[in-house]
Each structure stands twice: as C-alpha cells, then as structure tokens.
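Reading through the structure tokens given below for one structure.
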Amino acid sequence: MYDGFNFYYGLKKNPAWKRYYWLDLVKLFEKFMLKNQELEAVKYFSARPINNEDKAHRQSMFFDANKENPKFHLIMGKYLKKTIVCKRCGFNINTYEEKESDVRIATQIVNDAKNGECDIGYNRQKWLVRYDVNH
C-alpha cells in the first residue's frame, strides 16, 4: 500500500528526483523482495486534482501506464475545495486539499490482515502488519 499523494510531493521536494515521476511502481517494489518473497499487489492511494486539467491529465497517464501491470491497484480519494480566511485582511483564499486516502489506507491494512492477504507491511520506521498466512 502506498500513499501516492505523499509519494509525489516527496519526489517534488527535490528537483533531481523529477525523473522518477514516471516510475514503474510494481517493478520498484519488486526490487525490495527477498528471494523467498513474492509481491502480490501494489495498492496505490491517491486523488485526482480538480483545479488543474494539465496535472489531472499527467496523473491519468501515470495511472494508465502503471495499470498495464495487473499487480497495480489504484484506490482513489478526492480533493475538496477549502476556503481559508486571511487573518490579517479577511480576504478569502480558495485552495484544495486531498481527503480520504489516509482512512482508505488504514481500512485496507486492517481488511487485508483480516483476510490473510498481507504477509508484511512496512511504513518507514516500523512494521505495520505481520501476518502469517500459513496458519
């Protein structure tokens, strides 16, 4: 499971990483597998930008390229319009924020563990799920 929103903006922080925007995500995660492990699926959680057609089109191309691999599963959240009021002048500023991906990821982790569909899950500093599917 992968938080696509954080992945993209993590890459965007470093201009040298721009070349990785078009990664084959299944191939990337297969590189982390041990010899006795098999990658069953990459579950990629994201949301489609609603305020920029060009960004939405590029994102669709990225999703379509990765969906060519049957191990890639796309789970979409959404963007919501949010109005922020400037504390200094009272001016309204319209912005957008991504919603639902974190909840969908957490729900998917619990569901996969419950259904025996996850052997190992990892989140930067700690193991999320360790489930022995042989029992």
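Sort ARG58, ARG104 so the one with the fewest other Cβ atoms within 10 Å of its own Cβ comes first. Kindly include the intermediate steps, with their values, before the conclusion.
Details: ARG58 14, ARG104 19.
The most exposed by this proxy come first: ARG58, ARG104.
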Open item on the list: Can you tell me which of SER60, SER101, SER46 moves the most in a GNM of the chain? Springs connect C-alpha atoms under 10 Å apart.
Closed with: SER60
- [ ] Quick one: among PHE29, PHE91, PHE72, which has the greatest mean-square fluctuation in a GNM of the chain with alpha-carbon springs under 10 angstrom?
- [x] PHE91
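So how do ARG88, ARG48, ARG19 line up by other beta-carbon neighbours within 10 Å, fewest first? Please list the in-between numbers first.
On the way: ARG88 6, ARG48 14, ARG19 9.
Neighbour counts put them in this order, fewest first: ARG88, ARG19, ARG48.
Given just the C-alpha atoms of the chain, how large is their convex hull per residue in cubic angstrom? Can you show the working numbers first?
Details: hull volume 20.4 nm³, N = 135.
Value for the chain: 151 Å³ per residue.
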- [ ] Would you mind telling me which residue in PRO49, PRO15, PRO70 has the biggest mean-square fluctuation in a Gaussian network model of the chain, where springs connect alpha carbons within a distance under 10 angstrom?
- [x] PRO15
Task: Förster-model FRET efficiency, 22 Å R0, LYS87 and ASN51, C-beta, rounded to 0.05 - done: 0.40
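Every read-out reported here was derived from the displayed coordinates using simple, explicitly stated rules and does not represent laboratory data. Quick caveat, the model's predicted, so the values are computed rather than measured. All Cβ positions, even for glycine, are placed from backbone atoms using ideal geometry, and neighbour counts span all protein chains on display.
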